[in-house]
Every structure is written in structure tokens, then in C-alpha cells.
Amino acid sequence: MEIICELNDETVLGTGGRSGAMPRYTARAIVKDRKGRYAVMYARKFSLYSLPGGGIEEGESPTEALKREVFEETGCVCDRITELGIINENRASLDFTQCSYYYVAEVSEQAVAPALTEGEIKSGTSVEWHSFEEAVELISAPKHTTVQRKYLQARDLAALNEYKKRFKEGA
């Protein structure tokens with residue numbers, strides 16, 4: 001899989017530094033349903049919109065993790081999974097690194113109730129379905145003040161921009 005971009009404190013925060021932490025690996029997706037709408041996760045407690053996905057567990061491939069995470073967060077089974085690319089993060093300010101495998105996935109089965117984690121429930125997380133343009137606006141509009149949220153926003157926007165460049169132009 002090709003690298004979409006490298007995010008670091010200089011590109012996201014305007015500061016320097018590098019983290020030497022071992023990376024966390026995640027699988028994330030731009031998920032489209034049969035009506036042409038896109039899944040956007042909303043964490044009410046943080047006023048944060050993001051794309052579905054999460055950590056890759058031991059023994060899982062990135063695509064297995066993606067299917068599990070999308071099902072847990074949206075209640076949907078997805079198929080027609082296409083690689084989008086990798087986004088690497090080096091957050092010196094948090095001494096954290098992460099490698100996110102991004103995919104494009106289409107919903108193949110109707111939604112059931114999501115199986116959110118306790119933390120997601122406490123943060124008021126829910127899935128919403130929007131047009132592509134609305135999804136981009138919801139994720140890009142907030143001016144976040146925390147390092148964590150700035151990175152999440154930058155990461156998802158990089159993936160959405162890559163998706164638009166590769167799959168939406170001329171569509």
C-alpha cells in the first residue's frame with residue numbers, strides 16, 4: 001500500500017520534534033452505503049467528527065480489523081474493499097506514533113445496532129450518514145484546540161482528499 005502522507009508536529013502544529021515510540025497500527029475507511037451516503041462518526045462530548053476505524057488487534061490483518069471496526073462502529077457489513085493508502089503520524093508532543101491503513105469500503109448488509117465500546121458510549125459516539133461534501137465539511141469545519149483532535153482531523157482530511165482525487169473526480 002502506498003503512503004498518502006506523513007503527519008508530524010511540524011505539519012500539524014507548526015512545531016518540531018520526533019517521537020521514537022513504537023507505532024500503533026489501525027485500519028480506517030471511507031464507507032459508502034447503497035444510497036451513496038458516507039459514514040461519519042460523531043463524538044458529541046468532543047464535538048468531533050471522524051471516519052470509522054480503529055486498532056488492529058494481534059493476529060488480525062488490516063482488512064480483518066477494518067471489517068470488524070466498521071461493523072462495531074456502524075453496525076454495517078462492508079465489502080468491495082479497496083486500498084486507499086497509509087497515513088503515518090509522528091506526534092512528538094504526545095510521544096506517540098501511528099500507522100493507519102485507509103480503505104474505501106461499500107456497505108453490503110443492512111445496519112444493525114453498533115457495538116460501541118464503553119469509551120465511545122461515554123463520549124456520545126454515534127454514526128451519521130451524509131453526502132461526501134457534507135462529510136468533508138463536518139470533519140474539516142471545527143478549529144480544534146487539542147493536539148489529539150488536530151491530528152485526527154488532519155489524518156481524516158488527508159484520506160478524504162486522496163479519495164476525492166482518485167475516486168470522485170469526474171464522477
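Could you put Lys168, Lys150 in order, starting from the residue whose Cβ has the fewest other Cβ atoms within 10 Å?
Placing the least packed residue first, the sequence is Lys168, Lys150.
Pairwise Cα distances in region 3-168 exceed 22 Å in 40 percent of cases. Mind checking the log10 I(q)/I(0) for region 20-93 at q = 0.13, 0.22, 0.28 Å⁻¹? Debye, one equal scatterer per Cα, no solvent, two decimals. So the normalised log intensities are -0.44, -1.11, -1.39. Other residues whose C-beta falls under 11 angstrom from the C-beta of Pro142 contribute a net charge of +2, scoring Lys and Arg +1 and Asp and Glu -1. Listing Ile139, Ile81 from fewest to most neighbouring C-beta atoms within 10 Å gives Ile81, Ile139.
Here's how it looks for Val77: its modeled amide H is under 5 Å from those of Ser108, Glu109, which are all 5 or more places away or on a different chain. DSSP beta bridges confined to the chain are antiparallel in about 60 percent of cases. Ranked for footprinting exposure by Cβ neighbours inside 10 Å, fewest first, Phe71, Phe167 give Phe167, Phe71.
Laboratory data are not the source of any read-out in this text; all were calculated from the coordinates shown. Computed from a predicted model, the values in this text were never measured in an experiment. Positions of Cβ are backbone-derived with ideal geometry, glycine not excepted, and every protein chain shown enters the neighbour counts.
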